[in-house]
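Working notes, structure below.
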Amino acid sequence: MNFEYLSQNKAHGGTQFVCSHASASTGTDMTLSVYVPPQAAELGDGAKLPVLWYLSGLTCTHENVTEKGEYRAACAEHGIVFVAPDTSPRGADVPDAQDEYDFGKGAGMYVDATQEPWSRHYRMRSYIEDELPGLIAAEFPIDLSRQSITGHSMGGHGALTIGLRNPSRFRAISAFSPICAPSRVPWGEKSFTRYLGEDRDAWAEYDAVALIENGARHDHILVYQGTADQFLEDQLKPGLLSLACAKAGMQPEIRMQEGYDHSYYFISTFMAEHVAWHAARLG
């Protein structure tokens, strides 16, 4: 058994799990949530369902979307497993910047850090891309040939970059309020300098706009952005994503949602739409 099960609750006919495991990528214990819809039991042994990965934003753990994301009814309707990992390594031995909400624990930026002291544990790219899918597939009824990815804010950045780097693995990518061009905004510049060093060329693989400018492509991208988001102009910059996609001949769906801010009130309002959009592409 790969996981220690911390809680298990019935919801919308399926089961919401919270579990932990020792991660080889981060060298720490990692906690995540997994929602398995009722179709898994209905189809019986050997059932394999599509999976939607959700990456959370700054300061968050798996708990934020699990408690406030309102995804379970939609996942139960469409028969989708929903996996929400943590945003960064945790533990007393993990280095941190305790007075900075936007760096360190809770702010892993979904990169593999190359700079000390961060490089030992802050390996969230390897954790999400390489380690976790196999562990989940060994213990939960997911079909690794039918994967999608989504996320919020820093997690939206993670979803876009991981999806763009792995277009054959993820059938669709969506994001709520993503950091679209982290190399060009304060959140990203601060984190990338410390995690990855001063060489900006090394940042490009963790920047959705730069990836597209350098040739990455994906046919199915959906972005929802609130017009009242307090971080819209300084940190998120969806206009740069739109411009890069237009130059590349890509046609993402970027929808500005009037009056919505950066919070889970926004995410929960439109989560069912994102799940349904993914379901149509997951089959």
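Which members of segment 132-146 meet the condition of being in contact with a strand residue (DSSP E or B) (Cβ under 9 Å, 6 or more places away or on another chain) and in contact (Cβ under 8 Å) with a residue 24 or more places away in the chain? Across segment 132-146, the qualifying residues are Leu132, Leu135, Ile136, Glu139, Phe140, Pro141, Ile142, Asp143, Leu144, Arg146. Pairs meeting the criteria (first residue in segment 187-199 and without any contact (Cβ under 8 Å) to a residue 24 or more places away in the chain, second residue crowded, with 23+ Cβ neighbours inside 10 Å and part of a helix (DSSP H, G or I), beta carbons under 9 Å, at least 6 apart or on different chains) are Glu189/Pro182.
Mind checking which residues of segment 205-214 are open to solvent by 20 Å² or more (accessible area, probe 1.4 Å) and under 18 Å from the mean Cα position of the chain (by Cα)?
Start the filter on segment 205-214 by keeping residues that are open to solvent by 20 Å² or more (accessible area, probe 1.4 Å), which leaves 205, 211, 213-214.
If the condition is that a residue be open to solvent by 20 Å² or more (accessible area, probe 1.4 Å) and under 18 Å from the mean Cα position of the chain (by Cα), then Glu205, Leu211 are the ones that fit.
Taking segment 109-123 as the range and being part of a loop (DSSP other than H, G, I, E, B) and in contact (Cβ under 8 Å) with a residue 40 or more places away in the chain as the test, the residues that pass are Met109, Tyr110, Val111, Ala113, Thr114, Gln115, His121, Tyr122. Looking only at segment 151-163, decide whether some residue is small (Gly, Ala, Ser), assigned to a strand (DSSP E or B) and either farther than 28 Å from Thr227 by Cα or modelled with pLDDT under 95 (or both). No - not one qualifying residue is present in segment 151-163.
From the list Arg200, Arg184, Arg169, exactly one residue is open to solvent by 60 Å² or more (accessible area, probe 1.4 Å), basic (Lys, Arg) and closer than 27 Å to Phe82 by Cα. Which is it? Please lay out each step first, then the result.
Details: Arg200 fails: closer than 27 Å to Phe82 by Cα; Arg184 fails: closer than 27 Å to Phe82 by Cα.
When all the criteria are applied, what remains is Arg169.
Here is the figure for segment 31-49: residues that are crowded, with 23+ Cβ neighbours inside 10 Å and either of a type in the set (Ser, Thr, Tyr) or over 15 Å from the mean Cα position of the chain (by Cα) (or both) total 4. Please verify whether Pro133 is modelled with pLDDT of 95 or more and assigned to a loop (DSSP other than H, G, I, E, B), treating the condition exactly as stated. No; evaluated as a whole, the condition is false for this residue. Flag: Arg217 does not match the condition of being surrounded by fewer than 19 Cβ atoms within 10 Å (Cβ to Cβ), modelled with pLDDT of 95 or more, under 20 Å from the mean Cα position of the chain (by Cα) and within 23 Å of Ala272 (Cβ to Cβ).
Could you list, in sequence order, all residues of segment 254-283 that are touching a residue at least 40 places away in the same chain (Cβ under 8 Å), open to solvent by less than 40 Å² (accessible area, probe 1.4 Å) and outside any helix (DSSP H, G or I)? The answer is His262, and nothing else.
Each row is one residue, and each column tells you yes or no for (1) over 16 Å from Glu139 (Cα atoms); (2) surrounded by fewer than 20 Cβ atoms within 10 Å (Cβ to Cβ); (3) among the small types (Gly, Ala, Ser).
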site	(1), (2), (3)
Gln8	no, yes, no
His12	yes, yes, no
Val65	yes, no, no
Gly79	yes, yes, yes
Ala84	no, no, yes
Pro89	yes, no, no
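Filtering segment 38-63 to residues that are assigned to a loop (DSSP other than H, G, I, E, B) and either closer than 19 Å to Ala137 by Cα or of a type in the set (Asp, Glu) (or both) leaves Pro38, Gly44, Asp45, Gly46, Ala47, Lys48. Taking the criterion of being open to solvent by 50 Å² or more (accessible area, probe 1.4 Å) and not in a helix (DSSP H, G or I), the residues of segment 229-253 that qualify are Gln230, Phe231, Lys237, Gly249, Gln251, Glu253. One residue stands out in segment 67-77 among those that are open to solvent by 10 Å² or more (accessible area, probe 1.4 Å) and either basic (Lys, Arg) or assigned to a loop (DSSP other than H, G, I, E, B) (or both): the one that is farthest from Val275 (Cα to Cα), namely Lys68. The residue of segment 99-142 that is surrounded by the most Cβ atoms within 10 Å (Cβ to Cβ), among those that are over 19 Å from Ser168 (Cα atoms), in contact with a helix residue (DSSP H, G or I) (Cβ under 7 Å, 6 or more places away or on another chain) and of a type in the set (A, V, I, L, M, F, W, C), is Met109.
The values are calculated or read from the model by the stated rules, or taken from the named source; none is laboratory data. A quick note: this is a predicted structure, and the numbers were derived from the prediction, not measured. Cβ coordinates were reconstructed from backbone atoms using ideal geometry, including for glycine residues, and neighbour counts include every protein chain displayed. Quick note on the areas: whole protein, heavy atoms, side chains included, nothing else; ligands and nucleic acids left out. Shrake-Rupley method; radii C 1.70, N 1.55, O 1.52, S 1.80 Å.
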